[in-house]
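Written below as structure tokens is the structure these notes are about.
The values are calculated or read from the model by the stated rules, or taken from the named source; none is laboratory data. Computed from a predicted model, the values in this text were never measured in an experiment. A quick note on method: Cβ atoms are made from the backbone with ideal geometry, for glycine too, and the neighbour counts reach across all protein chains shown. Just the protein is used for accessible areas: all its heavy atoms, side chains included, with ligands, DNA and RNA removed. Shrake-Rupley method; radii C 1.70, N 1.55, O 1.52, S 1.80 Å.
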Amino acid sequence: MLTCSCCNQAYPETEPRWRCRCGAYLLLQSDRMFTRDALSGRPLTLWRYREALGIERDDSIVSLGEGFTPLVADALFGQPVLLKLDQLNPTGSFKDRGSTVMISKLKEWGVPEIVEDSSGNAGASVAAYARRAGIAARIFVPASTSAGKTAQIRMHGADLVRVDGSREETTRAALAAASQTFYASHNWSPYFVAGLKTLAYEICEQQDWQAPDWVVAPVGGGSLVLGLYLGFADLVRAGIIARMPRIAAVQAAVCAPVYEAWRQRLHEVPEVDKRETAAEGIAIARPVKGESILKALCESGGVALTVSEEEIWATAHLLAEKGIYVEPTSAAAPAAVRQLVEQGLVGTGSRVVVELTGMGLKATDKFLAHLGG
Ligand SMILES: [Zn+2]
């Protein structure tokens, strides 16, 4: 069942719908859950958790073998960490976890064409999975989006629309186009968030079902933080893990609405002025699901943090020195580990997972401009 996050109106999962009639976003509510025993022998993709993903028929599944990315032991700022290399998903970003489930549902619904807006990675991911499903896609991106992402969208045969303006203006342009077709937005779709829950399942399964103490993740639209929270909540409810890990949500200091809400103890995310950031993937001034993000942080005993542009670039270099090439957006979360250490929130005995979201090759133009020459 799909239920409204605001008025509690319920809708069946059998009809195409991306928001409530009242205008609020929908949540996927289901009692279905996998058991640990059922997992043995299943392929190492996120579809091993399929009972929790809301797809009815096997022949609806549109997959590229996503999930089960490496969890690598390392250290950052003296803190032992496990780096989740989610940039190694099929299209080079963690968004594939959401796209595979969202596009599978659209295929199950028989939706022939979609509109999506993105800062780039979700657009590239949705373009790839839509193409694979035979669904026509029109993807709106801000004109400033990295060339690596726009080329990828075009190669997958999507109709790319560059919007001269902010990320917010890009969303408005996509919404206007969506009046004629289906709005398959990663920021709205309850199925996209359902796909992100697999990150929580996987982190625990890869550690022999031991939950970490902390998961550090970047937050923009919030699908990653919400997916983590809902996934860990599923595992607690099923008795598979004993307690919810704490979530540290990280934003760029120049665009930090979630952090501002957190700092001021607000229940809603305020609209903020934003300046340009190297972390283009999380430059969202007004996240649709702001209240749910705050609730997830609160209920997990988590925190919101910000990092400077200097810290983002320095951490991209730090990771590259370890052999890991991620886009600047993905350096925000590992950069914030320093503050967790300084604030005494983590220590040598803490199990800390840091989510790396997007591949460095996506942002070749930005790295060349940064490096000079
Ligand atoms: Zn409603």
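Points to keep in mind about this one:
- Total residues in the range 33-43, condition part of a loop (DSSP other than H, G, I, E, B) and either surrounded by 13 or more Cβ atoms within 10 Å (Cβ to Cβ) or assigned by TED's automatic domain parsing to the domain that holds Asp208 (or both): 2
Yes or no, residue by residue, for (1) open to solvent by less than 10 Å² (accessible area, probe 1.4 Å); (2) not small (Gly, Ala, Ser):
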residue	(1), (2)
Gly220	yes, no
Leu230	no, yes
Gly239	no, no
Ala252	yes, no
Pro257	yes, yes
Ala261	yes, no
Leu266	no, yes
Arg275	no, yes
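- The set of residues in the range 177-194 being under 11 Å from Glu116 (Cα atoms) and not β-branched (Val, Ile, Thr) consists of Ala177, Ala178, Phe182, Tyr183, Ala184, Ser185, His186, Asn187, Trp188, Ser189.
- With respect to the stated conditions, Asp159 is surrounded by fewer than 24 Cβ atoms within 10 Å (Cβ to Cβ), in contact with a Lys or Arg (Cβ under 7 Å, 6 or more places away or on another chain) and free of Cβ contacts under 8 Å to residues at least 40 places away in the same chain.
- You will find that of Ala124, Ala75, the residue that is at pLDDT 95 or above, of a type outside the set (Ser, Thr, Tyr) and part of a strand (DSSP E or B) is Ala75 and no other.
- Taking the listed residues Leu297, Leu305, the one that is in a helix (DSSP H, G or I), open to solvent by less than 20 Å² (accessible area, probe 1.4 Å) and not basic (Lys, Arg) is Leu297, with no other qualifying.
- 2 or more residues farther than 25 Å from Val62 by Cβ and among the β-branched types (Val, Ile, Thr): qualifying strands (runs of 3 or more DSSP E) within the range 129-231: 214-218
- Looking at Arg36, Arg97, Arg32, Arg42, just one residue is among the basic types (Lys, Arg), under 27 Å from Gly239 (Cβ atoms), modelled with pLDDT under 95 and away from the ligand (no atom under 16 Å from the Cβ), and that residue is Arg32.
For every residue, the table says whether it meets (1) within 16 Å of the ligand (Cβ to nearest atom); (2) in contact (Cβ under 8 Å) with a residue 60 or more places away in the chain; (3) touching an Asp or Glu at 6+ places or on another chain (Cβ under 7 Å).
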| site | (1), (2), (3) |
| --- | --- |
| Cys20 | yes, no, no |
| Leu27 | yes, yes, no |
| Phe68 | no, yes, yes |
| Leu88 | no, yes, no |
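- Check on Ser350, touching a residue at least 60 places away in the same chain (Cβ under 8 Å) and either in the same structural domain as Gly120 (by TED's automatic domain parsing) or outside any loop (DSSP other than H, G, I, E, B) (or both): no
- Residue match in the range 16-30 (condition: within 20 Å of Lys197 (Cα to Cα) and surrounded by fewer than 16 Cβ atoms within 10 Å (Cβ to Cβ)): yes
- Of the criteria (1) crowded, with 24+ Cβ neighbours inside 10 Å; (2) not in a helix (DSSP H, G or I), which one Ile103 fails: (2)
- Of everything in the range 70-86 that is without any contact (Cβ under 8 Å) to a residue 60 or more places away in the chain and more than 20 Å from the chain's Cα centre (by Cα), the residue that is surrounded by the fewest Cβ atoms within 10 Å (Cβ to Cβ) is Ala73.
- Hits in the range 1-18 (condition: closer than 19 Å to Gly110 by Cβ, within 13 Å of the ligand (Cβ to nearest atom) and in contact with a Phe, Trp or Tyr (Cβ under 7 Å, 6 or more places away or on another chain)): Leu2, Arg17, Trp18
- Ala133 being surrounded by fewer than 24 Cβ atoms within 10 Å (Cβ to Cβ) and in contact (Cβ under 8 Å) with a residue 24 or more places away in the chain: yes
- Test result for Thr91, polar (S, T, N, Q), part of a helix (DSSP H, G or I) and modelled with pLDDT of 95 or more: no
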